[in-house]
Amino acid sequence: MTTDERPPYPLAGLTALGALALYAATLAPTAQFWDTPEYITAAYVLGIPHPPGNPLFVLLAHVWGLVPWVPVYAARINLLSAVASAVSAGLWFLIAERWLRPVVPARVPRRLAALAGALTAATAFTVWNQSVVNEKVYTISLLSIALVLWLAVRWGDLPAGSRRDHHLLLIVYLLALTATNHLMGLLVAPAVLVYVLFTDPRVLLSPKVLAWCAVAAALGVSVWLFLLLRAPHFPAINEGEPTTWAALDSVLSRAQYMKPSLSARQADLPAQFGMWWQYFTWQWGRDWPEGVRRALAALFGALGLVGAWRHWKADRRSAAAMTALVVTMVPVLIYYLNFKYGFSQYPERTSLPREVRERDYFYLCSFAVWGIWIAMGLAAVMEGVVRALRRRVADEARRWALATPVLALALVPLAGNRLTASRAGETLARDFGSDILQSVPPYAVLITTGDNDTFPLWYAQEVEGIRRDVTVLNLSLAGTDWYMRQLQRRPLADFDPAASAPLWRGPAWPKPQGPLLRMTDAQLTAIPPYFELPGRRPLDLAGIPDTLDPRRLGQPYLERPDVITLRIVQDQLGRRPIAFARTTADYADRLGLGPYLLGVGFVRLLQPERVVAGGAVQSLPGFGLDDLPKSADLLLHVFHGHAAARQRPRGWLDVPSESILILYAYAYQSLAQALAASDRVAATRAAALGDSIFRNTSFRTQLAPAR
């Protein structure tokens with residue numbers, strides 16, 4: 001089937017520009033939590049983020065970030081995400097407009113219906129929320145899926161011949177190329193195959209075409225070699241360190257995460273489908289109460305189903321391809337991902353194994369492509385209106401014009417997601433990365449535990465140059481050989497007083513020499529994953545008398561990160577400051593180090609002698625013994641308390657990362673109590689900040705329990 005009507009590229013460009021304007025107005029101004037700072041930092045240093053390494057994204061983002069689109073580097077990379085999604089919106093418009101031609105003969109109403117579908121796709125909550133920050137690589141995958149699908153549509157409209165086959169080669173190349181960004185981009189492949197089978201299956205038997213497709217695929221996947229070529233240069237972000245073919249295979253297969261087989265379901269299948277449905281209910285009015293969200297999900301779900309029915313009646317070829325795409329992106333993907341129970345799913349069942357955060361971004365593409373069937377559904381409703389007006393309005397063009405107001409439904413997601421999808425003005429992750437680094441003395445070893453207390457620190461150090469003298473030890477990665485080798489190899493940066501809090505600028509700080517651990521690579525590798533600890537075991541750590549107690553540990557063994565932590569204490573105490581981020585909770589206490597910890601800002605510094613109250617050392621509610629003057633100086637004069645306290649329209653939406661905001665609130669309220677008798681002005685200011693921060697959280701106003 002061919003069509004003589006040219007694609008409305010100018011209107012598609014305007015659609016993309018409109019989406020870009022929306023995304024730019026709600027763009028995150030800097031790095032956010034979770035993987036955002038890791039990927040931005042990897043782009044900056046031309047590094048390798050966590051498996052599977054995503055080399056295409058790193059290369060694209062690195063080149064994009066060299067252009068000063070905006071002054072802040074993180075905002076540039078966020079803008080890349082916005083541009084990718086905006087171009088996708090333009091492509092959804094083109095696809096919907098082409099597939100609507102058998103349904104809506106009138107050109108203007110048809111294009112308005114296609115615009116409505118593109119608008120719902122662009123403003124669906126997850127699409128919008130992920131388009132204003134470069135949290136991962138999924139908006140690049142979204143763009144590749146939209147582009148490949150549009151090229152398949154164009155291929156199908158061209159007459160048979162070599163010119164059409166050029167489109168097919170480009171499709172194969174893009175599919176192979178997008179795999180080096182993320183395998184999500186391959187979800188469009190079944191739809192393309194269906195489109196080809198319905199159009200001209202003989203092309204799949206052409207030796208010439210198949211040979212050139214193999215060449216195109218090889219060129220596309222060759223980008224994976226970047227990992228093998230870049231890793232030996234040891235960039236600051238070099239996760240998995242794929243310096244050998246075996247290591248490269250481990251990175252690409254994500255062996256580090258030890259996912260179970262698909263036959264071993266991490267949650268029952270109905271619950272996994274229920275997770276997707278929960279996220280679907282978020283897409284059309286996330287700002288509004290749950291009852292409204294569910295009603296809108298039913299409405300937009302029904303519109304899409306009606307659109308699917310109308311699509312099948314109008315054009316079996318494109319309907320079959322679209323159905324293959326939806327099936328791949330929903331049931332097949334749900335089964336393949338094999339998630340645990342959702343973070344907020346079944347809240348009353350507290351014992352369920354859960355994902356550490358919401359996973360709606362994995363289904364971003366399914367919510368976007370649903371916009372095509374929504375456009376079809378709206379067109380079907382318009383057809384009904386046109387038929388109803390047939391007796392009263394003679395002119396068909398006027399009947400279609402009178403039917404177009406139903407397209408106003410496409411504005412609902414724009415209105416219903418405008419608060420929660422926006423990340424405008426949100427700087428907390430960047431601020432936290434800076435604040436926790438400024439809590440430690442020069443050349444400190446700072447022990448962290450997860451993504452949100454580590455990746456913002458990497459960003460602050462590598463991109464913004466804040467406290468590069470600090471060595472960050474992430475406990476979640478300390479169990480891997482490659483990470484510890486990197487820390488051993490990493491040169492210690494000079495302390496820069498200009499990039500430090502005034503608290504640490506006074507005396508001269510001698511730069512420590514030697515590696516973090518006094519061990520060879522072979523000795524590090526030889527540390528087993530577990531050490532049995534059948535009973536209490538006394539230990540001397542650089543003069544600190546410690547006792548390892550299985551009851552205090554909560555398990556009869558030490559894990560590899562525990563051994564490394566204790567060895568760092570043994571090797572570095574008295575040579576370098578050792579600090580435990582407050583986000584590690586009671587980790588140091590479980591190792592028996594609690595009596596030797598002194599709080600300063602957002603960390604607890606290990607002292608060579610037991611800490612006792614008196615003088616500057618006071619007990620802060622919920623925080624234990626603390627160096628009050630230093631913490632007060634940091635909290636009131638260095639930390640970004642006002643940024644944490646700014647009022648969010650709907651509070652802190654990402655509950656899994658809310659603990660960071662709560663840490664700020666507890667710190668300021670505890671400081672207010674400690675200063676109440678000695679400095680009423682400072683205490684009042686701290687209390688006001690703490691109260692304002694708490695109002696953004698689900699805890700509202702309360703103090704942490706005493707340690």
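Every number here is computed from the coordinates shown, using simple stated rules; none is lab data. Since the structure is predicted, the reported quantities are computational estimates derived from the model, not experimental observations. Virtual Cβ from ideal backbone geometry, glycine too; neighbours counted across all protein chains shown.
Stretching Lys313 away from Leu411 to a fully extended chain increases their span by 32.6 nm, per 0.36 nm per residue minus the current alpha-carbon distance.
Taking label positions 7 Å along the Cα-Cβ direction at both Gln570 and Arg359, the computed distance is 3.9 nm, reported to one decimal.
Amide hydrogen proximity for Tyr557: with H placed 1.01 Å from N in the peptide plane, the residues at 5 or more positions away or on another chain lying under 5 Å are Leu533.
With the simple spin-label model, which puts each label point 7 Å out from Cα in the Cβ direction, the Tyr530 to Arg551 separation comes to 2.2 nm. For the chain, a simple Cβ point-charge model (Lys and Arg +1, Asp and Glu -1, everything else neutral) yields a dipole of about 2020 debye relative to the Cα centre. Bridges between two residues of the chain, per DSSP, are antiparallel at a rate of about 65%.
Just the number, please: percent antiparallel of the DSSP beta bridges in the stretch 427-611, rounded to the nearest 5. In the stretch 427-611, DSSP labels about 70 percent of beta bridges as antiparallel. In a reduced charge model with +1 at each Lys and Arg Cβ and -1 at each Asp and Glu Cβ, the stretch 427-611 shows a dipole moment near 320 debye about its Cα centre. Legend: ranking of residues Arg163, Arg230 from fewest to most surrounding C-beta atoms inside 10 Å; resulting order Arg163, Arg230. When the chain is described by a simple charge dipole with +1 on each Lys and Arg Cβ and -1 on each Asp and Glu Cβ, the residue from Pro105, Phe432, Asn474 located farthest towards its positive end is Pro105.
Here the relative contact order of the stretch 186-250, from alpha carbon pairs under 8 Å that lie six or more residues apart, stands at 17 percent. A full extension of the chain between Ser263 and Arg610 corresponds to an added length of 119.7 nm, given 0.36 nm per residue minus the alpha carbon distance.
So which of Lys136/Lys340; Lys313/Lys340; Lys208/Lys313 end up more than 30 Å apart by C-alpha?
Pairs exceeding the cut-off: Lys313/Lys340; Lys208/Lys313.
Near the amide H of Asn474, within less than 5 Å, lie the amide hydrogens of Thr448, all on another chain or at least 5 residues away, with H placed in the peptide plane.
Here's the picture: charge each Lys and Arg Cβ at +1 and each Asp and Glu Cβ at -1 in the chain, and of Trp282, Ile660, Phe234 the one pushed furthest to the positive end of that dipole is Trp282. With K and R counted +1 and D and E -1, the other residues having a Cβ less than 14 Å from that of Pro577 yield a net charge of +3.
Among 588-597, 550-559, how do they line up from the highest to the lowest mean number of other beta-carbon atoms within 10 Å?
Packing proxy ranking, top to bottom: 588-597, 550-559.
Taking the fewest neighbouring Cβ atoms within 10 Å as the starting point, the ordered list for Leu252, Leu303 is Leu252, Leu303. The protection proxy used here, the mean number of other Cβ atoms lying within 10 Å of each residue, ranks peptides 171-180, 475-484, 316-325, 495-504 as follows, highest first: 171-180, 316-325, 475-484, 495-504. For an R0 of 25 angstrom, estimate the FRET efficiency from the Cβ-Cβ distance between Asp540 and Ala493 and round to the nearest 0.05. Once rounded, the FRET efficiency stands at 0.20.
Between the stretch 525-594 and the stretch 327-350, how far is it from one alpha carbon centroid to the other, in angstrom? Result: 36 Å between the Cα centres.
Between 0 and 90 degrees, rounded to the nearest ten: what's the tilt of helix 658-675 against the longest Cα principal axis of the chain? The helix 658-675 is inclined about 40 degrees to the chain. Computed from the C-alpha gyration tensor, the three semi-axes of the ellipsoid equivalent to the stretch 452-530 are 27, 16, 9 Å, from longest to shortest. Compared with the direct C-alpha span, the chain from Ser222 to Ala394 gains 55.9 nm at full extension, assuming 0.36 nm per residue. Reported to the nearest whole Å, the Cα centre-to-centre distance from the stretch 127-192 to the stretch 240-309 is 20. Dividing the Cα radius of gyration of the chain by its Kirkwood radius returns 1.02 for Rg/Rh. Here's the picture: charge each Lys and Arg Cβ at +1 and each Asp and Glu Cβ at -1 in the chain, and of Gly535, Tyr9, Tyr341 the one pushed furthest to the positive end of that dipole is Tyr9. Under a 5 Å amide H cut-off, with hydrogens placed 1.01 Å from N, Asn238 pairs with Ile48 among residues at least 5 apart or on other chains.
Give the distance, in whole Å, between the Cα centre of the stretch 69-116 and the Cα centre of the stretch 393-427. Cα centres, the stretch 69-116 to the stretch 393-427: 14 Å.
Packing here is the average count of other Cβ atoms within 10 Å per residue, and on that basis the peptides 9-20, 40-51, highest first, run 40-51, 9-20.
In order along the stretch 385-396, phi translates into HN-Hα couplings of 5, 4, 5, 5, 8, 4, 6, 8, 10, 6, 7, 5 Hz, rounded to whole numbers, per the Karplus curve 6.51 cos²θ - 1.76 cosθ + 1.60 with θ = phi - 60° and x for Gly and Pro.
Coupling constants for the stretch 34-45 follow from the phi torsions by the Karplus curve (6.51 cos²θ - 1.76 cosθ + 1.60, θ = phi - 60°), and in residue order they are 6, 7, 3, x, 5, 5, 5, 5, 4, 5, 5, 9 Hz; glycine and proline get x. Note on the chain: helix-only mean residue ellipticity at 222 nm, from DSSP H runs of 4+ residues weighted -39500 (n - 2.57) and normalised by residue number, equals -16000 deg cm²/dmol. Using alpha-carbon pairs under 8 Å, 6+ residues apart, how would you state the relative contact order of the chain in percent? It comes to 14 percent, rounded to a whole number. Of Ile237, Ile544, the sequence from fewest to most neighbouring Cβ atoms within 10 angstrom is Ile544, Ile237. Listed values for the stretch 471-486 are Karplus-derived 3J(HN,Hα) couplings in whole Hz (6.51 cos²θ - 1.76 cosθ + 1.60, θ = phi - 60°), namely 9, 9, 10, 8, 5, 5, 9, 5, x, 9, 5, 5, 5, 5, 4, 5, and x replaces Gly and Pro.
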